[in-house]
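Worksheet for the structure shown next.
Bear in mind these aren't lab numbers, they're just calculated from the coordinates by the rules spelled out. All values reported here derive from a predicted model rather than from experimental measurement. Positions of Cβ are generated from backbone atoms using ideal geometry, with glycine treated the same way; all protein chains shown enter the neighbour counts.
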Ligand code: ATP
Ligand code: MG
């Protein structure tokens, strides 16, 4: 069966560090997100409060203690490849693989071009380029190692398209900050609002107030601890 089917998340006393002898960057944080909720994650301190570390911890990409459950299943009882293929993180600066855009979106050649193009459209790529654009990105476009020939915003859009292709039920977006232009950011926000629907749980690390105020819940981190968690109206 496809897991997680609904995309609910429960985090219990989650701590994290980058190396066995390194300092803790998250300190026993606990919170719960219902299926389909949109959560904006912000911070009190300007940087280094643990937002990106939280996203990595949710996929066990750094060392963690405590528990993370998706649809009630603990991540330490599932295969890590399964975990990372069903939950999608869109990092602040996504890394892509060298090869075509098609290969990046669909590494195992499981989908028709029509499906892949629909996902690119839903993610917003085509609203940033016209049909006649010479440098237009298509499924056949060659991606340089890491994705260095694309802007950070374009890479986030492609990562979003990949999540749409995979039908991820839970999506974690680490908003790019200075590296992204306003227009691209607007496209991404619009795609998230209008194309994902209510059956996708969305955690957004938000740098803009707008993104936070639109959310169902807001989680505020301060030096690796939860300072606030609740609906925007209650905070
Ligand atoms: P920003 O708003 O700048 O994106 P953030 O809230 O995402 O910040 P994190 O990147 O999660 O904060 O950083 C939390 C802590 O983890 C900081 O003390 C930081 O120095 C540390 N940290 C982040 N990345 C690493 C890493 N790769 N190795 C070791 N420590 C790291
Ligand atoms: Mg960060």
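When each of 126, 108 is scored by the number of other beta-carbon atoms lying within 10 Å, the sequence from fewest to most is 108, 126. Peptides 3-11, 70-78 ranked from most to least packed by the mean count of surrounding Cβ atoms within 10 Å: 3-11, 70-78.
Stretched out fully, how many nm does the piece from residue 110 to residue 186 gain, at 0.36 nm a residue minus the Cα gap? Before the final figure, lay out each step's value.
On the way: separation 76, 0.36 × 76 = 27.36 nm, distance 3.03 nm.
Using 0.36 nm per residue and subtracting the Cα-Cα distance, I get 24.3 nm.
Taken over the alpha carbons of segment 76-137 as equal point scatterers, the Debye sum produces base-10 log I(q)/I(0) values at 0.19, 0.20, 0.21 Å⁻¹ of -0.95, -1.04, -1.11.
Between helix 113-123 and the chain there is an angle of about 60 degrees, using the helix long axis and the longest principal axis of the Cα atoms.
Note on segment 1-126: semi-axes of the ellipsoid equivalent to its C-alpha gyration tensor, largest first and rounded to whole Å, are 29, 18, 16. Each of residue 214 and residue 30 was given a label point 7 Å from its Cα along the Cα-to-Cβ line. The distance between the two points is 3.2 nm.
Within segment 1-49, the proportion of C-alpha pairs whose separation exceeds 18 Å stands at 51%.
Diffusion of the chain by Stokes-Einstein, at 4 °C in a medium of 1.567 mPa s and with Rh set to the Kirkwood radius over alpha-carbon pairs, works out to 71 µm²/s. Principal-axis analysis of the Cα atoms of the chain puts helix 182-195 at an angle of about 80° to the longest axis. Taken as Cα centroids, segment 169-224 and segment 1-49 sit 15 Å apart, rounded to the nearest whole angstrom. From the largest down, segment 92-193 spans 35, 33, 25 angstrom on the principal axes of its Cα atoms. Net length available on complete extension from residue 151 to residue 60 is 30.0 nm, with 0.36 nm assigned per residue and the Cα-Cα distance removed. In plain terms, the chain from residue 10 to residue 227 could stretch by 76.4 nm, reckoned as 0.36 nm per residue minus the Cα-Cα distance. The orientation-averaged projection of the convex hull spanning the C-alpha atoms of segment 186-235 amounts to 4.0 square nanometres. Just to be sure I understand the model, the point goes 7 Å from the Cα along the line to the Cβ. What's the resulting residue 177 to residue 140 distance in nm? Going from the residue 177 label point to the residue 140 one covers 4.1 nm.
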